[in-house]
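One structure is given below, encoded as structure tokens.
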Amino acid sequence: MEAHKKINVCLIGVGTTGSHIANDLKNLSDIKSLVVVDPDIVSEDNLYRQNYVKSDLNKKKVEVLFERGGRPSIIPIDIMCNNSAKIVDLCKEYKIDIVIQAGDYPSTRELAKLTEIAANELNIPYIINAGYISNVVSLPEFYYPNNVYDFLYKHEIYKEKLIFTNANNKAQSSVVANVGHIVARQISDYCAGKKPFKYRERGFFDIRALEWRTEKIE
């Protein structure tokens, strides 16, 4: 049986969803190094909803993750990735095998597009994490590079429909943490040579049933 791949991962954004993704990825033996990218510091309104606590206040988020450590080597980078060239350069420097979008600047969708452009140039897989709107958390989606099925196809050509209304409260930490579990599973599956979990599916986390509600994208 073929051995698991050992890969280097870049996670762009370690805020509400990204901090929980980082928490799951730091335990994966499949990851050699985890590059975490974010220029922000931990503020009062980040506490407990994001994966930070009071003793982390006013510290760089990436430095907090570096100090916590983990199985893979944690590499903190406190820059803003606001164009695809920065993402390409960063991934080349650290020999990245998979890049994950979990940030929201210039916007969540714009950063997703920039991540896809960079991943296609680098010819590496990428995971798009659309994050959350109010208390509705969306499913992280795994894509292969230079593939007919990509982020732009699914989100701009495929006709999306509204899946919720009147959601007013921010997503709780216990709900957002499920995003990290999905991403970790997707990466583990990829490293094992399997189809990544929930590949070609989209959906959201049902906070009442405590499960993912998804549909296949053909």
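The values are calculated or read from the model by the stated rules, or taken from the named source; none is laboratory data. None of the values given here were measured: they were computed from a predicted structure. Every residue, glycine among them, receives a Cβ derived from its backbone with ideal geometry; neighbour counts consider all protein chains shown. Just the protein is used for accessible areas: all its heavy atoms, side chains included, with ligands, DNA and RNA removed. Shrake-Rupley method; radii C 1.70, N 1.55, O 1.52, S 1.80 Å.
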Of the candidates Arg200, Arg68, Arg49, which one comes out as most mobile in a Gaussian network treatment of the chain with C-alpha springs shorter than 10 Å?
Arg68
First check a/c for the range 34-84, with a ≥ b ≥ c the square roots of the eigenvalues of its C-alpha gyration tensor; if it is under 1.5, answer rounded, and if not, answer prolate when a/b is larger than b/c or oblate otherwise.
oblate
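Report the equivalent ellipsoid semi-axes for the range 1-48 in whole Å, largest first, defined as the square roots of five times the eigenvalues of the gyration tensor built from alpha carbon atoms.
27, 11, 6
Suppose all protein chains stay in the model; what accessible area per residue would a 1.4 Å probe give for the chain, in Å²?
Working: 10640 Å² over 218 residues.
Per residue, the chain has an accessible area of 49 Å².
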Determine the relative contact order of the chain: mean sequence separation of Cα pairs under 8 Å and six or more apart, normalised by residue count, in whole percent.
21
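Among the listed pairs Lys32/Lys60; Lys61/Lys92; Lys54/Lys198; Lys59/Lys86; Lys61/Lys195, give every one whose C-alpha distance is greater than 29 Å.
Details: Lys32/Lys60 23 Å; Lys61/Lys92 23 Å; Lys54/Lys198 35 Å; Lys59/Lys86 24 Å; Lys61/Lys195 32 Å.
In this structure, Lys54/Lys198; Lys61/Lys195 lie more than 29 Å apart at Cα.
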How large is the translational diffusion coefficient of the chain in µm² per second when you combine the Kirkwood radius over alpha carbon pairs with Stokes-Einstein at 4 °C and 1.567 mPa s?
75
Once you place label points 7 Å from the Cα toward the Cβ at Tyr149 and Arg200, how far apart are they in nm?
0.3
At a 1.4 Å probe, what is the % contribution of carbon and sulfur to the accessible area of the chain?
49
Using a 1.4 Å probe on the protein heavy atoms only, what accessible surface does Asp150 show? Give it in Å² to the nearest 10.
30
Sketch the reach of a paramagnetic label on Lys95 as a point 7 Å from Cα along Cα-to-Cβ, and name the residues of the range 15-29 whose backbone nitrogen lies under 19 Å away.
29
When the scattering of the range 37-158 is computed by the Debye formula from its Cα atoms alone, each counted once and equally, what is log10 I(q)/I(0) at q = 0.11, 0.17, 0.18 Å⁻¹?
-0.41, -0.96, -1.06
Let me make sure I get this right: for the range 1-100, a, b and c are the square roots of the gyration tensor eigenvalues over alpha carbons, sorted descending. Under 1.5 in a/c it's rounded, otherwise prolate if a/b > b/c, else oblate. Which is it?
oblate
List the residue ranges in the chain for DSSP H helices whose C-alpha atoms run 15 angstrom or more along the long axis and whose Kyte-Doolittle average is 0.0 or above.
173-191
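Working out 0.36 nm times the residue gap between His181 and Arg213, then minus their Cα-Cα distance, what length gain in nm do you get to one decimal? Mind dumping the intermediate values first?
Values: separation 32, 0.36 × 32 = 11.52 nm, distance 1.52 nm.
Gain on extension, His181 to Arg213, equals 10.0 nm.
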